[in-house]
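Have a look at the structure below, then the notes.
The values are calculated or read from the model by the stated rules, or taken from the named source; none is laboratory data. Everything quoted here is computed from the prediction, not taken from an experiment. Counting neighbours? That spans all protein chains shown, and the Cβs are built from the backbone with ideal geometry, glycine included.
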Amino acid sequence: MSHLTESRTERIDIRTSSSVKKLLQQAAAASHKNVSEFLLEHGLQAAQDTLTNRKLFALNDEQWQAFQDALDAPCVEKSRLRRLLTEPSVFE
């Protein structure tokens with residue numbers, strides 16, 4: 001079931017300035033929607049984009065190959081990093 005077709009039983013209240021409200025009303029009217037529909041549609045899209053960007057990333061062929069090469073490259077010993085990770089912390 002789509003988020004927009006689910007039964008609407010929850011309410012979200014927000015406070016804003018009169019200038020922001022007016023801008024939202026103008027944008028909603030230009031989109032032939034009311035403010036609630038406009039905010040819900042664009043808020044859902046922003047939420048999906050935010051969450052998708054945390055799970056997926058897109059690379060062109062050149063970037064993908066560079067990524068693969070970096071994963072396949074042998075590990076390089078970093079003595080200072082090893083010391084940092086093996087010595088006791090000042091908090092211990």
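Some points to look at:
- Tally, over the stretch 40-67, of residues that are of a type outside the set (Lys, Arg), part of a helix (DSSP H, G or I) and without any contact (Cβ under 8 Å) to a residue 24 or more places away in the chain: 18
- Qualifying residue in the stretch 76-92 (condition: out of contact with any strand residue (DSSP E or B) (no Cβ under 9 Å at 6 or more places or on another chain), outside any loop (DSSP other than H, G, I, E, B) and of a type in the set (S, T, N, Q)): yes
- Test for Ala73: is it loosely packed, with under 10 Cβ neighbours inside 10 Å and among the hydrophobic types (A, V, I, L, M, F, W, C): yes
- Where a residue in the stretch 18-38 is part of a helix (DSSP H, G or I) and its partner, wherever it lies, is aromatic (Phe, Trp, Tyr), with Cβ under 8 Å and at least six apart: Leu24/Phe38; Ala27/Phe38; Ala28/Phe38
- Out of Thr52, Thr86, sole residue that is more than 33 Å from the chain's Cα centre (by Cα), of a type outside the set (A, V, I, L, M, F, W, C) and modelled with pLDDT under 95: Thr86
- Scope the stretch 22-58; condition basic (Lys, Arg) and loosely packed, with under 10 Cβ neighbours inside 10 Å; matching residues: Arg54, Lys55
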